[in-house]
Amino acid sequence: MNTALVILDAQNDFFAAGNPNLPAFEAAAEVINAAIARFRTAGGGPIFVQHTSERKPAGSQRWAINERFDCRPIDVRFNKTTENAFWNTGLDALLRSQRVGLVVVAGFVSERCMLSTVRGAVERGYEAALLEGGIAGFDDRYTQFVLEISPRVSVDALRART
C-alpha cells in the first residue's frame, strides 16, 4: 500500500499580516516540510492542492504557494474550489493510479478544509490521517478538536511507512 502526502492551502494568503494565528501556521509549515523531505527521500513527493476563488484567483500572488514550503516545479498540483480536495478535482484518479492506500493530509484551516478532505478520502475508500503538527487554523481550539476526532500520524511514524 502506497502513501500520499496531500498538502492543502499552503498559499501566500494564509501567511499575510492579517492572520490572527500566524505562529501556528509557521510552526505547521516546518512540520510539513519535514514530511515533504521524508517523502522525497523515499522517492516520492507531495501533492499540493490550492484553493481557488474570486478572492484567490489562480495565478495571483494570494493564490501562489508560499515560499516557506519546499514546493518544486515537478510536484503535482491541483486547484480546488471547495473545502474537500477530492471534490471535482483529479486527486482521486491520481491516487488510484498510484495505488495509494493511506492519504496523509496536512495544511490549513483545520476545521474546514482539513476535516473535509480527510472525510472525503475515507468516503472514497482510503485510509486517511492528519499530519500531527502539520495542520493549523485560525483558532487553536478548533485545530485541537479536529486532531482529537481524527486519525493522525507523525513524521516519525511516516518514516516507518514510506
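Readers should treat all values here as calculations from the given coordinates under stated rules, not as data from a laboratory. Remember, it's a predicted structure, so these values are computed and weren't measured experimentally. Because the Cβ atoms are built from the backbone with ideal geometry, glycine has one as well, and the counts that use them run over all protein chains shown.
Counting other C-beta atoms within 10 Å, which of M1, M114 has the fewest, and how do the rest follow?
On the way: M1 9, M114 29.
In order of increasing Cβ crowding within 10 Å: M1, M114.
Thinking of segment 2-161 as a set of Cα atoms, what percent of all their pairs are more than 23 Å apart?
29 percent
Once you charge only the Cβ atoms, +1 for Lys and Arg and -1 for Asp and Glu, what is the size of the charge dipole of segment 38-154 about its Cα centre, to the nearest 20 debye?
340 debye
Enumerate by residue number the trypsin sites (Lys or Arg not before Pro) in segment 44-114 meeting two conditions: DSSP loop (anything except H, G, I, E, B), and at most 12 other Cβ atoms within 10 Å of the site's Cβ.
R55, R99
Which of A34, A128, A17 moves the most in a Gaussian network model of the chain with Cα springs under 10 Å?
Highest fluctuation of the listed residues: A17.
DSSP loop (so not H, G, I, E, B), at most 15 other Cβ within 10 Å: list which GluC sites (Glu not before Pro) in segment 23-54 pass both filters.
E54
Mind listing the long-range amide H neighbours of N79? Cut-off is under 5 Å, sequence gap 5 or more, other chains count too, H placed in the peptide plane at 1.01 Å from N.
Residues meeting the criterion, in which the H sits 1.01 Å from N, are Q50.
Can you give the net charge of the other residues whose Cβ lies under 11 Å from the Cβ of A121, counting K and R as +1 and D and E as -1?
Every neighbour counted, the sum reads -1.
Cα centroid distance between segment 8-32 and segment 106-162, in Å?
Answer, in whole Å: 16.
In the chain, which whole DSSP H runs stretch at least 20 Å along their own axis (Cα) and average 0.5 or higher on the Kyte-Doolittle scale? Intermediate values should be presented prior to the final figure.
Numbers: long enough: 22-41 (29 Å, 0.67).
Helices meeting the span and hydropathy rule in the chain are 22-41.
Filter the chymotrypsin sites (Phe, Trp or Tyr not before Pro) in segment 1-92 to those in DSSP coil with at most 14 other Cβ atoms within 10 Å of their Cβ, and list the result.
W87
Going by how many other Cβ atoms sit within 10 Å of their own, how do T82, T3 line up, fewest first? Mind dumping the intermediate values first?
Working: T82 16, T3 20.
By the 10 Å Cβ count, ascending, the order reads T82, T3.
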